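Q: Below you will find the structure I want to go over with you.
The values are calculated or read from the model by the stated rules, or taken from the named source; none is laboratory data. Quick caveat, the model's predicted, so the values are computed rather than measured. Using ideal geometry, Cβ is built from the backbone for each residue, glycine included, and neighbour counts are taken over all protein chains shown. For the accessible areas, the whole protein counts, side chains as well, though only heavy atoms, and no ligand, DNA or RNA atoms are used. Shrake-Rupley method; radii C 1.70, N 1.55, O 1.52, S 1.80 Å.
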Amino acid sequence: MTDVPEPVRKCASLLKGTKSDTEKFAALFMVTKLVKGKDCNAAGKKLLFEAIGFPFLKKLLVSKDLPNDCPPLVYKSVALSILTCFCQEEELATHKDIIDAIPTLLEIVEQADDEDYEDNLIVVSEAYSCLKSIASHEPGQQALLATGAIPKMSQIYSAQSFQTDEALHLIVLLVKQFGVVSWPEDPTAFHALIQRIALDMETDDTERKYELCRILADILITCRREIVINSLEGQIWPESLFKGCGDILKAKIGPKQRDPALHLIATTLQVLGIQWAFMDEQKTFFLQLLQLGAIEVRMQMDEKKLETTFKQADLLTCCFSILEHCIEYMATDQLDLEPKEKQTTYTALKGAFNQVLAVLTRVSQDKIRESTNPRDKKFVFAIVKVLSAWLAQETTAMRPAIYKLLPFMLKVANESFHELKTWRAGTREGEAPIDVLRIMLPALCHFAVEEEARRVLFTHKEDEVLLESLEFYFSIAHWKRPPIPRAERLKRMNEPDPVPTPEQQAEMKVARSAIVALCNILMNFTVLEPKKAEDAPSFANLLKFVVENLPELKDTPDNLVIHGNLAVLGLLLLKQQSKKVKQNDFSICRYIQATIRFLWDAYNIDESNDPTALVVSIAYKGYWSDLSELWFLGMQTMCGVLPLVPWLSEFALESGWAEGIVKTLKKVKIGTLPPNVKSAYEDFLSQLVDVNGDVQAVLKKADALRVCRNHRMMDLGKKLFGD
């Protein structure tokens, strides 16, 4: 107690000696003077807090039963004035009694527009000050979240009450801490808040416009994206953001204004997608965005010291995000550009990515590449990510420099993948790490067919990491209900089967596209490096993974494309590893059955309007652009596998597939069978006849003679009936 100033000790002693509330209240005026003085330290404040006793302060805040000699607001004002000073000390701001007072403080700020407060707005200001101090520490943040402070503050700002900026700053502080958890399942409060800020940003022409850009970006990034996207109907804030950002892009602005605007644009694209850039159904905004992002990247990365570039990490990451969205959209061929616009766009992008490549090359040779600083690592990840997005589209430029840099890019990508894998296996605290390897997969699809790039990939054992990635994403796409503890099974027997949450469904969608890209790369490896596919342990493990997991995959429309990819990848691997396949291996048998199902179900006549026309089945039709080449490759590879593993032909017979093909083709009108489909079926049936003596009788019985005559299947006819 020696470090407590004498006047504070005397005051504490006086407070403890008071015999009534009136006496204690009179003494509080002395406290207000003391706690605001520079001599009152943390120990002094704690002593005064204990001497007053929190129940008394709470009584002043909420009770109607107070002496009549002062208006209730005066009692409130004195209590809040003292609390504000107490809350400046962490030990008191996190004290249980003060945390418990949060609902009372929220009630005061919610009533800021009431007539009671019109003459004493200082009370509302003090309540905000207390909340701000409480929100500076983790226990207070948790309590504010639990009491619904964010939706309440959103309501206050939306209604434009007194001191609403205080409410806004509190929201930003909390959402930065809690991210997506900040928002309830009902998006009403979120939409109302964003609408209010977006409208303010759109109509404001002062510096506040750019401050609101920063705030909007901080809040938008934390939204429950799936819920917000699905509830956008009738909301006008996307349009307000579009107009506000459009005005900024047209204005003459400096870095102080440009940076928050780019930050907001990048975040909005992340939440609403690239379609937001076409809200007026014109391409002007999109092209302005692309140019601005590309120019900013060139300026910030141009021949500067790496330390200077790294200081601009946040701004550059926003520009990268904008460029990634633009490149991805341009790859869909939906953008109709004039020749001059094409040239300008390509020149801007090439200039930016030459600079990105140059900086990443310097990073790969600098000590900064080993930095453990999370901010530096995140920035290096972002550079590799944006360069990968460009390389997925630009398949010829800068090759020698890229091959040289590829080992470092792989190192970064693999590190990020392993970070995500570790995060998912643990408690999943904080934001999920980004998997740069997944973003890099489309570029790796191109590298897989380039000899020099393939050499680098195998030298660095990337085939092993890609198998690990396939296993990882399959575990996400192949969602299973959480296990029920044994003790609860009986009780929960009649519960409906759980379904994945919207977040899990979004993860599954991402996982499925990753699996397709991984299969594409691994198929190219298998075909272009046959010796490795035959001998390398990683390829033996890959085949084992496919044959064990494909039969387990749920038969749903969403899984059809990955089913096809895994089936065909398995056939290509079987062809290379046929010498090692044991007859009647149970997992191979199940795999072949699943593969036959994929190939068999693609075509039929039952679903055709014309009972004599062969058509792609309804289940496949919506995905046929992704499945067509796979199906033909699958049929062709099956023909290559049969002579090497002839016992597989038993499955084509026993399942009824071979007979089914003939019976279906028999009904197809002469001259209407597409030549490529005819060849696929004829080659397959011919191969079956060659490897299995029982096939001839089955096909003849199904009337193969008529099929061969109708569709001019000469080769099959010769095998079955001679010349």
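Q: When you scan segment 549-559, do you find a residue that is surrounded by fewer than 21 Cβ atoms within 10 Å (Cβ to Cβ), among the basic types (Lys, Arg) and in contact (Cβ under 8 Å) with a residue 60 or more places away in the chain, even just one?
A: Yes, there is a match, as at least one residue in segment 549-559 is surrounded by fewer than 21 Cβ atoms within 10 Å (Cβ to Cβ), among the basic types (Lys, Arg) and in contact (Cβ under 8 Å) with a residue 60 or more places away in the chain.
Q: If THR18 meets every condition in (1) under 57 Å from the mean Cα position of the chain (by Cα); (2) over 23 Å from LEU105 (Cβ atoms); (3) open to solvent by less than 80 Å² (accessible area, probe 1.4 Å) apart from one, which number is that one?
A: Here THR18 meets the rest and fails (1).
Q: Then there's this: Output the residue which, of all residues in segment 617-627 that are open to solvent by 30 Å² or more (accessible area, probe 1.4 Å) and without any contact (Cβ under 8 Å) to a residue 24 or more places away in the chain, is farthest from the chain's Cα centre (by Cα).
A: ILE618
Q: Still on this structure, please answer the following. Hey, among GLU452, GLU507, which residue is in contact (Cβ under 8 Å) with a residue 40 or more places away in the chain and in contact with a helix residue (DSSP H, G or I) (Cβ under 7 Å, 6 or more places away or on another chain)?
A: When all the criteria are applied, what remains is GLU452.
Q: What number of residues within segment 470-491 are open to solvent by 70 Å² or more (accessible area, probe 1.4 Å) and not hydrophobic (A, V, I, L, M, F, W, C)?
A: Number of matching residues: 9.
Q: Still on this model: In segment 165-191, what count of residues is obtained for those that are buried (at least 18 other Cβ atoms within 10 Å of the Cβ) and either of a type in the set (Gly, Ala, Ser) or closer than 11 Å to CYS223 by Cα (or both)?
A: Counting residues in segment 165-191 that are buried (at least 18 other Cβ atoms within 10 Å of the Cβ) and either of a type in the set (Gly, Ala, Ser) or closer than 11 Å to CYS223 by Cα (or both) gives 8.
Q: Another question about this same structure. Every residue in segment 566-576 that is open to solvent by less than 10 Å² (accessible area, probe 1.4 Å) and touching a residue at least 40 places away in the same chain (Cβ under 8 Å), please.
A: Across segment 566-576, the qualifying residues are LEU566, ALA567, VAL568, LEU569, LEU571, LEU573, LEU574.
Q: A follow-up question, please. How do the pairs read when you match residues in segment 240-266 that are under 15 Å from LEU287 (Cα atoms) with residues anywhere that are among the charged types (D, E, K, R) and not in a helix (DSSP H, G or I), using Cβ under 9 Å and keeping only pairs 6 or more apart or on different chains?
A: From segment 240-266, the pairs are PHE242/ASP280; GLY246/ASP280; ASP247/ASP205.
Q: I would also like to ask the following. Any residue in segment 527-539 that's more than 18 Å from THR637 (Cα to Cα): show its pairings with residues that are open to solvent by less than 40 Å² (accessible area, probe 1.4 Å) and of a type outside the set (S, T, N, Q) at Cβ separation under 6 Å, as long as the two are six or more apart or on different chains.
A: So the pair list comes out as SER538/ASP463; SER538/LEU467.
Q: Filter segment 520-573 for residues that are outside any helix (DSSP H, G or I) and not aliphatic (A, V, I, L, M); which is nearest to ALA448 (Cα to Cα)?
A: By that ranking, first place goes to GLU529.
Q: While we're looking at this one, here's another question. Can you find even one residue in segment 653-674 that is more than 21 Å from ALA613 (Cα to Cα) and part of a helix (DSSP H, G or I)?
A: There is at least one residue in segment 653-674 that is more than 21 Å from ALA613 (Cα to Cα) and part of a helix (DSSP H, G or I).
Q: Can you tell me which condition ARG492 does not meet? The list is (1) part of a loop (DSSP other than H, G, I, E, B); (2) within 22 Å of VAL436 (Cβ to Cβ), and all the others hold.
A: The single condition ARG492 does not satisfy is (2).
Q: Look at ASP247 and say whether it is under 30 Å from VAL363 (Cα atoms) and surrounded by 14 or more Cβ atoms within 10 Å (Cβ to Cβ).
A: no
Q: Go through segment 575-596 and give me each residue that's more than 20 Å from ASP535 (Cα to Cα) and among the aliphatic types (A, V, I, L, M).
A: Correct list: ILE592, ALA594, ILE596.
Q: Step by step: first the residues of segment 21-60, then only those that are farther than 27 Å from ILE102 by Cβ and among the hydrophobic types (A, V, I, L, M, F, W, C), then the one that is surrounded by the fewest Cβ atoms within 10 Å (Cβ to Cβ). Which residue is that?
A: ALA26
Q: Looking at GLU281, GLU296, GLU303, which one is in a loop (DSSP other than H, G, I, E, B) and within 22 Å of GLN355 (Cα to Cα)?
A: GLU303
Q: Ok, one more. Are any residues in segment 254-274 under 18 Å from ASP314 (Cβ atoms) and not in a helix (DSSP H, G or I), and if so, which ones?
A: Listed by number, the list holds a single entry, GLY254.
Q: Looking at segment 583-616, which of its residues are of a type outside the set (Asp, Glu), open to solvent by 60 Å² or more (accessible area, probe 1.4 Å) and farther than 14 Å from LEU571 by Cα?
A: Those that are of a type outside the set (Asp, Glu), open to solvent by 60 Å² or more (accessible area, probe 1.4 Å) and farther than 14 Å from LEU571 by Cα: GLN583, ASN584, PHE586, TRP600, ASN609, PRO611.
Q: Return the residues of segment 218-234 that are farther than 12 Å from ILE265 by Cα, open to solvent by 60 Å² or more (accessible area, probe 1.4 Å) and not in a helix (DSSP H, G or I); say none if nothing qualifies.
A: Those that are farther than 12 Å from ILE265 by Cα, open to solvent by 60 Å² or more (accessible area, probe 1.4 Å) and not in a helix (DSSP H, G or I): GLU233, GLY234.
Q: Still on this model: Residue check, ARG258 against (1) open to solvent by less than 10 Å² (accessible area, probe 1.4 Å); (2) closer than 22 Å to THR203 by Cα, all met but one. Which one?
A: For ARG258, the failing item is (1).
Q: Please specify each residue of segment 469-501 satisfying the condition of being modelled with pLDDT of 95 or more and over 19 Å from PRO551 (Cα atoms).
A: Listed by number, the list holds a single entry, SER469.
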